[in-house]
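> To start, I am sharing the structure in question, which I have written as structure tokens.
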Amino acid sequence: MADMKYGALNGIDKKVSRLVQGTVMVNGDDYDKEFALLDAVHDMGCTTFDTGHVYGNGSNERAVGKWVRERGLREQIVMIGKGAHHNADRKRVTPFDIAADIHDSLARFQFDYIDLYLLHRDDESVAVGPIVDALNEHLAAGRIRAFGGSNWSHKRIEAANTYAAQNGLVPFVASSPNFSLAEQVQEPWEGCVSISGTKGKAARDYYLEQKTPLFTWSSLAGGFFSGRFTRDNLDSFESYLENLCVTSYCYEENFKRLDRVKILAEEKAVSIPQIAMAYVMNQPLDIYALVGCGTPDEFKQNMEAMAMTLSEAEIAWLELRQDER
């Protein structure tokens, strides 16, 4: 099996695994099963786990915190916490909500600090200055070790970091956008930020220039690269998430990319999802891919994909930029 690869983040004195296990499915409903999954992923070298204040109305953070404490892993684990998600009543990207969510999360985890804190959403009507000020206060208090934005545009992150530089403050050290080979034709939900395809080129160029660590999510484009979606079966799906994939990704240009993924997967004797993951991991960007593996075998397959090398010609061919490899 391939070895895990690691990187580093400013402010965090731990190895950050290039594959980050998402934990939205960990909610305490079945501790034995959930902890067995986390144990297996950790045994394969995963040090970094993604959580969210909104996941399971708090049950996610409580369950993941219990696993970390019972295993004695707090100083080996890089915990990603996310907060300031909007609710049905209002947008919540404010210093008050950030403080409330951080204190909630620490109490649920039963931790003293969160390694990387990401604002789960943005509200572009809010000035970046007070947000950067607030995050720096939590950093100085030791509640968080580093911070960034999830579904923040590169322009907003640039503005926040300009403010930080002008005021002698710590900047955002990471961004967490969507990124995959497939382009989002229709955003799956309001405020979704993707850096995929031609529309995402300016963001990718900025992040490459700045060497920004990117915690990218949905490498399989909401399941589009699972192999289950074809041009002929799009009216057969019933679940909310499957239909979300249909409306977001199931368009001819993406099916052309999928056709090429299938060809390359067959040639390399790997799966369609592995080629889609390899595409993400072979970018020149500083990428840490968020994966929501439900089984140890899924995580193992992602590790194998992470170790694959795709040539520049293969990447250009997958992107439909050239007809030959």
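> Tell me whether region 262-269 contains one or more residues that are more than 15 Å from the chain's Cα centre (by Cα), open to solvent by less than 60 Å² (accessible area, probe 1.4 Å) and without any contact (Cβ under 8 Å) to a residue 40 or more places away in the chain.
Scanning region 262-269 turns up at least one residue that is more than 15 Å from the chain's Cα centre (by Cα), open to solvent by less than 60 Å² (accessible area, probe 1.4 Å) and without any contact (Cβ under 8 Å) to a residue 40 or more places away in the chain.
> Residues in region 29-38: is at least one within 23 Å of LEU135 (Cβ to Cβ), open to solvent by 10 Å² or more (accessible area, probe 1.4 Å), in a helix (DSSP H, G or I) and not hydrophobic (A, V, I, L, M, F, W, C)?
no
> Please enumerate the residues belonging to region 191-227 that are crowded, with 17+ Cβ neighbours inside 10 Å, at positive phi and not aliphatic (A, V, I, L, M).
Scanning region 191-227 gives GLY197, SER218, GLY222, GLY223.
> Based on this model, can you work out whether GLU266 counts as of a type in the set (D, E, K, R), in a helix (DSSP H, G or I) and more than 27 Å from PRO213 (Cβ to Cβ)?
Criteria met by GLU266.
> Let me ask something else about it. When the residues of region 41-89 are narrowed to those that are of a type in the set (Asp, Glu) and surrounded by 18 or more Cβ atoms within 10 Å (Cβ to Cβ), which ends up nearest to the chain's Cα centre (by Cα)?
Checked region 41-89; the qualifying residue nearest to the chain's Cα centre (by Cα) is ASP50.
> Within region 111-128, is even one residue hydrophobic (A, V, I, L, M, F, W, C), assigned to a helix (DSSP H, G or I) and in contact (Cβ under 8 Å) with a residue 12 or more places away in the chain?
yes
> Taking the condition surrounded by fewer than 14 Cβ atoms within 10 Å (Cβ to Cβ), in contact with a strand residue (DSSP E or B) (Cβ under 9 Å, 6 or more places away or on another chain) and part of a loop (DSSP other than H, G, I, E, B), does GLU183 pass?
Judged against the criteria, GLU183 is not a match.
> Got at least one residue in region 298-316 being of a type in the set (D, E, K, R), farther than 24 Å from LEU37 by Cα and open to solvent by 40 Å² or more (accessible area, probe 1.4 Å)?
Yes, the conditions are met somewhere in region 298-316.
> Let me ask something additional. Which one of VAL24, VAL20 is within 15 Å of the chain's Cα centre (by Cα) and open to solvent by 60 Å² or more (accessible area, probe 1.4 Å)?
VAL24
> Restricting to region 114-173, give me the number of residues that are under 29 Å from GLY65 (Cβ atoms), open to solvent by 20 Å² or more (accessible area, probe 1.4 Å) and aromatic (Phe, Trp, Tyr).
Adding up the residues that qualify gives 0.
> Moving to a separate point now. Can we say PHE225 is in contact with a Cys (Cβ under 8 Å, 6 or more places away or on another chain), farther than 24 Å from ILE114 by Cβ and modelled with pLDDT of 95 or more?
no
> Would you confirm whether or not region 242-261 contains a residue that is in contact with a Phe, Trp or Tyr (Cβ under 7 Å, 6 or more places away or on another chain), closer than 21 Å to SER150 by Cβ and either at pLDDT 95 or above or in a loop (DSSP other than H, G, I, E, B) (or both)?
yes
> Inspect region 8-15 for any residue being assigned to a helix (DSSP H, G or I) and either under 22 Å from ASP112 (Cβ atoms) or at pLDDT 95 or above (or both) and give the result as yes or no.
Taking every residue of region 8-15 in turn, none turns out to be assigned to a helix (DSSP H, G or I) and either under 22 Å from ASP112 (Cβ atoms) or at pLDDT 95 or above (or both).
> When both residues are 6+ apart or on different chains and their Cβ atoms are under 9 Å apart, which pairs have a first residue that lies in region 77-105 and is in contact (Cβ under 8 Å) with a residue 40 or more places away in the chain and part of a helix (DSSP H, G or I), and a second that is open to solvent by 10 Å² or more (accessible area, probe 1.4 Å) and of a type in the set (Phe, Trp, Tyr)?
SER105/PHE111
The values are calculated or read from the model by the stated rules, or taken from the named source; none is laboratory data. Just so it is clear, the structure is predicted and the values come from calculations on it, not from any experiment. When we count neighbours, we look across all protein chains shown, and the Cβ atoms used for this are built from the backbone with ideal geometry, even at glycine. Quick note on the areas: whole protein, heavy atoms, side chains included, nothing else; ligands and nucleic acids left out. Shrake-Rupley method; radii C 1.70, N 1.55, O 1.52, S 1.80 Å.
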